[in-house]
Amino acid sequence: MDIKSYLARKRDLVDKALEKLVPPAKTFPTSVHEAMRYSLFAGGKRVRPILAIAAAEAVGANTAGLLPIAGSLELIHTYSLIHDDLPAMDDDDLRRGRPTCHKVYGEAIAILAGDGLLNRAFEILSDSRRLKAMSANRLLAVIREISTASGVFGMVGGQVVDMESEGKDVDFPTLEYIHTHKTGALIRSSVRTGALYAKAGKRQFTALTHYGEMVGLAFQIADDILDITGKQEEIGKDVGSDLKKGKKTFPGFYGLEESRRRAVEVVDRAVSSLKGFDRKADPLRELAKYIVNRVN
Ligand code: GRG
(Lines give C-alpha, C1' and ligand atoms only; values in the text may rest on other atoms or scores of the structure.)
Protein backbone atom coordinates (compact mmCIF):
# COMPACT_ATOMS: atom_id res chain seq x y z
CA MET A 1 0.00 0.00 0.00
CA ASP A 2 1.03 3.62 -0.56
CA ILE A 3 1.29 5.06 2.96
CA LYS A 4 1.90 8.61 1.70
CA SER A 5 -1.40 8.78 -0.16
CA TYR A 6 -3.19 7.05 2.77
CA LEU A 7 -1.81 9.70 5.13
CA ALA A 8 -2.76 12.54 2.78
CA ARG A 9 -6.34 11.23 2.47
CA LYS A 10 -6.76 10.76 6.21
CA ARG A 11 -5.14 14.10 7.02
CA ASP A 12 -7.63 15.77 4.73
CA LEU A 13 -10.56 14.03 6.46
CA VAL A 14 -9.22 14.96 9.91
CA ASP A 15 -8.64 18.58 8.87
CA LYS A 16 -12.21 18.86 7.58
CA ALA A 17 -13.53 17.45 10.86
CA LEU A 18 -11.32 19.80 12.91
CA GLU A 19 -12.62 22.76 10.96
CA LYS A 20 -16.09 22.02 12.38
CA LEU A 21 -14.94 21.04 15.87
CA VAL A 22 -13.55 24.41 16.93
CA PRO A 23 -15.49 27.70 16.83
CA PRO A 24 -14.78 30.12 13.95
CA ALA A 25 -12.04 32.69 14.65
CA LYS A 26 -14.64 35.47 14.62
CA THR A 27 -16.44 33.95 17.64
CA PHE A 28 -16.37 36.19 20.72
CA PRO A 29 -13.90 36.36 22.49
CA THR A 30 -11.98 36.38 19.22
CA SER A 31 -8.38 36.44 20.55
CA VAL A 32 -8.60 33.00 22.10
CA HIS A 33 -10.41 31.43 19.14
CA GLU A 34 -7.88 32.91 16.72
CA ALA A 35 -5.00 31.55 18.84
CA MET A 36 -6.58 28.08 19.06
CA ARG A 37 -6.97 27.98 15.29
CA TYR A 38 -3.52 29.44 14.65
CA SER A 39 -1.89 26.47 16.39
CA LEU A 40 -4.38 23.83 15.33
CA PHE A 41 -4.06 24.64 11.62
CA ALA A 42 -0.30 25.17 11.54
CA GLY A 43 0.32 22.00 9.54
CA GLY A 44 0.54 19.15 12.06
CA LYS A 45 0.93 15.62 10.73
CA ARG A 46 -2.25 14.43 12.53
CA VAL A 47 -0.46 11.24 13.62
CA ARG A 48 -2.68 10.61 16.65
CA PRO A 49 -6.09 10.89 14.90
CA ILE A 50 -4.76 8.81 11.99
CA LEU A 51 -3.55 6.10 14.38
CA ALA A 52 -7.02 5.97 15.94
CA ILE A 53 -8.66 5.68 12.53
CA ALA A 54 -6.19 3.04 11.30
CA ALA A 55 -6.68 0.99 14.50
CA ALA A 56 -10.46 1.06 14.06
CA GLU A 57 -10.07 0.06 10.40
CA ALA A 58 -7.81 -2.82 11.41
CA VAL A 59 -10.69 -4.18 13.49
CA GLY A 60 -13.05 -3.72 10.54
CA ALA A 61 -15.06 -0.67 11.62
CA ASN A 62 -16.59 2.04 9.47
CA THR A 63 -14.73 5.06 10.80
CA ALA A 64 -16.96 7.98 9.75
CA GLY A 65 -18.37 8.24 13.30
CA LEU A 66 -14.89 8.23 14.80
CA LEU A 67 -13.82 11.59 13.36
CA PRO A 68 -14.97 13.80 16.28
CA ILE A 69 -13.09 11.53 18.70
CA ALA A 70 -10.00 11.44 16.48
CA GLY A 71 -10.20 15.23 16.21
CA SER A 72 -10.33 15.53 20.01
CA LEU A 73 -6.99 13.72 20.23
CA GLU A 74 -5.49 16.38 17.98
CA LEU A 75 -6.98 19.20 20.09
CA ILE A 76 -5.32 17.71 23.18
CA HIS A 77 -2.02 17.22 21.36
CA THR A 78 -2.08 20.83 20.11
CA TYR A 79 -2.83 22.14 23.62
CA SER A 80 0.20 20.21 24.91
CA LEU A 81 2.44 21.75 22.24
CA ILE A 82 1.25 25.30 23.01
CA HIS A 83 1.90 24.85 26.73
CA ASP A 84 5.18 23.01 26.14
CA ASP A 85 6.48 25.98 24.12
CA LEU A 86 5.75 28.55 26.85
CA PRO A 87 8.67 30.37 28.52
CA ALA A 88 7.85 28.58 31.80
CA MET A 89 8.33 25.23 30.08
CA ASP A 90 10.51 24.64 26.99
CA ASP A 91 10.59 28.30 25.95
CA ASP A 92 10.51 27.72 22.18
CA ASP A 93 10.06 30.36 19.48
CA LEU A 94 9.26 28.04 16.60
CA ARG A 95 6.68 25.27 16.22
CA ARG A 96 5.41 23.61 13.10
CA GLY A 97 7.62 26.07 11.18
CA ARG A 98 5.91 29.18 12.56
CA PRO A 99 6.34 31.45 15.58
CA THR A 100 4.92 29.72 18.64
CA CYS A 101 1.45 30.65 19.90
CA HIS A 102 2.71 32.85 22.77
CA LYS A 103 5.07 34.72 20.41
CA VAL A 104 2.06 35.79 18.34
CA TYR A 105 -0.71 36.14 20.93
CA GLY A 106 1.17 36.66 24.20
CA GLU A 107 1.56 34.23 27.08
CA ALA A 108 -1.82 34.74 28.71
CA ILE A 109 -3.82 34.06 25.54
CA ALA A 110 -1.54 31.11 24.65
CA ILE A 111 -2.22 29.52 28.06
CA LEU A 112 -5.94 30.10 27.61
CA ALA A 113 -5.89 28.80 24.02
CA GLY A 114 -4.33 25.58 25.35
CA ASP A 115 -6.96 25.40 28.09
CA GLY A 116 -9.65 26.10 25.50
CA LEU A 117 -8.47 23.25 23.25
CA LEU A 118 -8.22 20.77 26.12
CA ASN A 119 -11.69 21.53 27.42
CA ARG A 120 -13.19 21.65 23.96
CA ALA A 121 -11.88 18.11 23.41
CA PHE A 122 -13.83 16.79 26.39
CA GLU A 123 -16.90 18.81 25.45
CA ILE A 124 -16.86 16.99 22.10
CA LEU A 125 -16.08 13.59 23.63
CA SER A 126 -19.03 13.84 26.01
CA ASP A 127 -21.49 15.05 23.38
CA SER A 128 -23.59 11.94 22.77
CA ARG A 129 -25.58 13.67 19.99
CA ARG A 130 -22.39 14.11 18.03
CA LEU A 131 -21.26 10.54 18.72
CA LYS A 132 -24.40 8.60 17.91
CA ALA A 133 -22.47 5.54 16.74
CA MET A 134 -21.38 4.80 20.32
CA SER A 135 -23.21 3.65 23.41
CA ALA A 136 -22.90 5.85 26.53
CA ASN A 137 -20.79 3.15 28.21
CA ARG A 138 -18.29 2.93 25.38
CA LEU A 139 -18.10 6.70 25.23
CA LEU A 140 -17.32 6.75 28.95
CA ALA A 141 -14.56 4.18 28.38
CA VAL A 142 -13.08 6.41 25.66
CA ILE A 143 -13.23 9.48 27.91
CA ARG A 144 -11.53 7.59 30.73
CA GLU A 145 -8.91 6.28 28.33
CA ILE A 146 -8.04 9.71 26.91
CA SER A 147 -8.24 11.66 30.18
CA THR A 148 -5.95 9.17 31.95
CA ALA A 149 -3.43 9.26 29.11
CA SER A 150 -3.38 13.08 29.06
CA GLY A 151 -3.25 13.57 32.83
CA VAL A 152 -0.79 13.09 35.68
CA PHE A 153 -0.52 9.35 35.03
CA GLY A 154 0.29 10.06 31.40
CA MET A 155 1.40 13.12 29.45
CA VAL A 156 1.33 15.66 32.30
CA GLY A 157 3.33 13.32 34.55
CA GLY A 158 5.90 12.76 31.78
CA GLN A 159 6.20 16.50 31.21
CA VAL A 160 6.81 17.11 34.94
CA VAL A 161 9.62 14.53 35.12
CA ASP A 162 11.07 15.84 31.86
CA MET A 163 11.23 19.39 33.23
CA GLU A 164 12.61 18.30 36.58
CA SER A 165 15.32 16.24 34.87
CA GLU A 166 16.76 19.09 32.79
CA GLY A 167 20.49 19.45 33.29
CA LYS A 168 20.59 16.36 35.52
CA ASP A 169 22.39 13.13 34.84
CA VAL A 170 19.23 11.00 34.72
CA ASP A 171 19.37 7.21 34.47
CA PHE A 172 17.83 5.20 31.65
CA PRO A 173 14.65 4.15 33.57
CA THR A 174 13.92 7.86 34.12
CA LEU A 175 14.35 8.57 30.42
CA GLU A 176 12.04 5.64 29.67
CA TYR A 177 9.46 7.04 32.09
CA ILE A 178 9.62 10.43 30.35
CA HIS A 179 9.29 8.91 26.88
CA THR A 180 6.47 6.50 27.70
CA HIS A 181 4.47 9.17 29.53
CA LYS A 182 5.18 12.49 27.80
CA THR A 183 4.80 11.22 24.25
CA GLY A 184 3.95 7.53 24.46
CA ALA A 185 0.79 7.75 26.55
CA LEU A 186 -1.28 9.79 24.07
CA ILE A 187 -0.05 7.74 21.12
CA ARG A 188 -0.93 4.45 22.85
CA SER A 189 -4.25 5.95 23.85
CA SER A 190 -5.00 7.00 20.27
CA VAL A 191 -4.63 3.41 19.10
CA ARG A 192 -6.70 2.09 22.04
CA THR A 193 -9.38 4.70 21.36
CA GLY A 194 -9.73 3.43 17.78
CA ALA A 195 -9.91 -0.13 19.16
CA LEU A 196 -12.60 0.80 21.70
CA TYR A 197 -14.64 2.57 19.02
CA ALA A 198 -14.41 -0.51 16.79
CA LYS A 199 -15.43 -2.88 19.62
CA ALA A 200 -12.19 -4.82 19.43
CA GLY A 201 -12.20 -8.17 21.22
CA LYS A 202 -9.94 -8.71 24.23
CA ARG A 203 -7.09 -10.25 22.24
CA GLN A 204 -7.24 -7.59 19.57
CA PHE A 205 -7.27 -4.88 22.23
CA THR A 206 -4.18 -6.32 23.94
CA ALA A 207 -2.35 -6.64 20.62
CA LEU A 208 -3.24 -3.08 19.62
CA THR A 209 -2.17 -1.77 23.03
CA HIS A 210 1.24 -3.40 22.55
CA TYR A 211 1.43 -1.95 19.04
CA GLY A 212 0.61 1.52 20.44
CA GLU A 213 3.33 1.24 23.08
CA MET A 214 5.95 0.24 20.53
CA VAL A 215 4.91 2.97 18.10
CA GLY A 216 4.99 5.56 20.89
CA LEU A 217 8.51 4.55 21.80
CA ALA A 218 9.66 4.47 18.16
CA PHE A 219 8.13 7.93 17.65
CA GLN A 220 10.09 9.38 20.54
CA ILE A 221 13.40 7.76 19.53
CA ALA A 222 12.86 9.19 16.03
CA ASP A 223 12.12 12.60 17.56
CA ASP A 224 15.35 12.48 19.59
CA ILE A 225 17.30 11.56 16.45
CA LEU A 226 15.63 14.30 14.39
CA ASP A 227 16.53 16.85 17.04
CA ILE A 228 20.17 16.16 16.12
CA THR A 229 20.06 15.26 12.43
CA GLY A 230 16.93 17.09 11.22
CA LYS A 231 16.77 20.29 9.18
CA GLN A 232 15.03 23.26 10.77
CA GLU A 233 12.87 23.83 7.66
CA GLU A 234 11.69 20.20 7.85
CA ILE A 235 11.22 19.69 11.59
CA GLY A 236 9.67 23.15 11.98
CA LYS A 237 11.58 23.94 15.19
CA ASP A 238 15.14 24.68 16.22
CA VAL A 239 17.66 21.86 15.74
CA GLY A 240 19.68 20.71 18.78
CA SER A 241 17.24 22.10 21.32
CA ASP A 242 17.40 18.97 23.55
CA LEU A 243 21.15 19.27 23.91
CA LYS A 244 20.98 23.03 24.57
CA LYS A 245 18.45 22.46 27.34
CA GLY A 246 20.53 19.69 28.90
CA LYS A 247 17.91 17.02 28.14
CA LYS A 248 18.86 13.36 28.17
CA THR A 249 17.81 11.59 24.99
CA PHE A 250 18.12 8.17 23.41
CA PRO A 251 21.17 9.16 21.33
CA GLY A 252 22.62 10.66 24.54
CA PHE A 253 22.64 7.16 26.04
CA TYR A 254 23.30 5.00 23.02
CA GLY A 255 24.69 7.21 20.27
CA LEU A 256 22.98 7.81 16.92
CA GLU A 257 23.68 4.50 15.20
CA GLU A 258 22.52 2.34 18.11
CA SER A 259 19.44 4.55 18.57
CA ARG A 260 18.54 4.05 14.89
CA ARG A 261 19.00 0.29 15.27
CA ARG A 262 16.78 0.26 18.36
CA ALA A 263 14.10 2.31 16.60
CA VAL A 264 13.96 -0.27 13.80
CA GLU A 265 13.81 -3.09 16.35
CA VAL A 266 10.91 -1.40 18.15
CA VAL A 267 9.06 -0.96 14.85
CA ASP A 268 9.55 -4.67 14.11
CA ARG A 269 7.99 -5.44 17.47
CA ALA A 270 5.06 -3.13 16.69
CA VAL A 271 4.49 -4.91 13.38
CA SER A 272 4.80 -8.36 15.01
CA SER A 273 2.06 -7.54 17.47
CA LEU A 274 -0.32 -7.28 14.48
CA LYS A 275 0.21 -10.93 13.44
CA GLY A 276 -3.39 -11.85 14.19
CA PHE A 277 -4.75 -9.11 11.90
CA ASP A 278 -5.43 -9.31 8.16
CA ARG A 279 -4.71 -6.82 5.35
CA LYS A 280 -6.98 -4.24 6.99
CA ALA A 281 -4.12 -3.64 9.45
CA ASP A 282 -1.66 -2.76 6.65
CA PRO A 283 -2.00 1.00 7.28
CA LEU A 284 -0.97 0.40 10.91
CA ARG A 285 2.00 -1.67 9.74
CA GLU A 286 3.10 1.02 7.29
CA LEU A 287 2.46 3.82 9.80
CA ALA A 288 4.90 2.22 12.24
CA LYS A 289 7.60 2.26 9.56
CA TYR A 290 6.74 5.80 8.49
CA ILE A 291 7.09 7.03 12.07
CA VAL A 292 10.79 6.14 12.22
CA ASN A 293 11.56 7.16 8.63
CA ARG A 294 9.86 10.56 8.81
CA VAL A 295 11.81 13.78 8.29
CA ASN A 296 9.56 15.98 10.45
C1 GRG B 1 2.36 20.67 28.41
C2 GRG B 1 1.19 18.81 29.62
C3 GRG B 1 2.13 19.23 28.60
C4 GRG B 1 2.74 18.30 27.88
C5 GRG B 1 3.64 18.54 26.77
C6 GRG B 1 3.81 16.75 23.81
C7 GRG B 1 4.61 17.36 24.87
C8 GRG B 1 4.15 17.24 26.26
C9 GRG B 1 5.70 18.06 24.60
C10 GRG B 1 6.21 18.26 23.24
C11 GRG B 1 7.69 18.18 23.29
C12 GRG B 1 8.17 17.31 22.26
C13 GRG B 1 8.83 17.93 21.10
C14 GRG B 1 8.01 15.99 22.37
C15 GRG B 1 8.53 15.07 21.39
C16 GRG B 1 7.50 14.29 20.67
C17 GRG B 1 6.42 15.13 20.14
C18 GRG B 1 5.17 15.12 20.92
C19 GRG B 1 6.56 15.80 19.01
C20 GRG B 1 5.52 16.61 18.38
O21 GRG B 1 4.51 15.79 17.86
P22 GRG B 1 4.30 15.61 16.29
O23 GRG B 1 5.60 15.29 15.63
O24 GRG B 1 3.92 17.09 15.90
O25 GRG B 1 3.16 14.66 16.05
P26 GRG B 1 2.92 17.65 14.78
O27 GRG B 1 3.32 19.10 14.68
O28 GRG B 1 3.12 16.92 13.49
O29 GRG B 1 1.55 17.48 15.32
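Structural remarks
- Extension gain, Met163 to Ser126, is 10.2 nm, computed as 0.36 nm per intervening residue step minus the present C-alpha separation.
- Simple Cβ-charge dipole of the chain, Lys/Arg +1 and Asp/Glu -1, about Cα centre, in debye nearest 20: 1440
- Report note on the peptides 162-175, 45-58: ranked by the mean count of other C-beta atoms within 10 Å, highest first, their order is 45-58, 162-175.
- Distance (nanometres) between label positions extended 7 Å along Cα→Cβ at Arg144 and Ala88: 3.1
- Counted residue by residue at 0.36 nm each, then reduced by the alpha carbon distance between them, the extension gain from Phe253 to Ile3 reaches 86.8 nm.
- Heavy-atom accessible surface of the chain, averaged per residue, reaches 46 Å², computed with a 1.4 Å probe.
- Pairs of Lys residues in the range 134-264 are counted when their Cα atoms are under 24 angstrom apart and they lie 8 or more places apart or on different chains; the count is 19.
- Taking 7 Å steps out from each Cα toward its Cβ at Ala64 and Thr174 produces label points 5.2 nm apart.
- For the range 209-296, the residue among Ile228, Phe277, Gly252 whose Cα projects farthest onto the positive side of the dipole built from Cβ charges is Phe277.
- Lys248 accessible area, assembled protein chains, probe 1.4 Å, Å²: 70
- Once both labels are positioned 7 Å from their Cα atoms along Cα-to-Cβ, the gap between Arg203 and Lys275 label points is 1.1 nm.
- Estimated at 0.36 nm per residue, the fully extended path between Lys231 and Glu19 surpasses their Cα-Cα distance by 73.4 nm.
- Overall, the accessible surface of the chain at a probe of 1.4 angstrom is composed of carbon and sulfur to the extent of 55 percent.
- ³J(HN,Hα) computed for each position of the range 276-282 - Karplus, 6.51 cos²θ - 1.76 cosθ + 1.60, integer Hz, glycine/proline x: x, 9, 8, 4, 5, 8, 4
The values are calculated or read from the model by the stated rules, or taken from the named source; none is laboratory data. As the structure is a computational prediction, the values presented were derived from the model and not from experiment. Ideal geometry is used to build each Cβ from the backbone, glycine not excepted, and the neighbour counts take in all protein chains shown. To get the accessible areas, we keep the full protein, side chains included, count just its heavy atoms, and leave off ligands, DNA and RNA. Shrake-Rupley method; radii C 1.70, N 1.55, O 1.52, S 1.80 Å.
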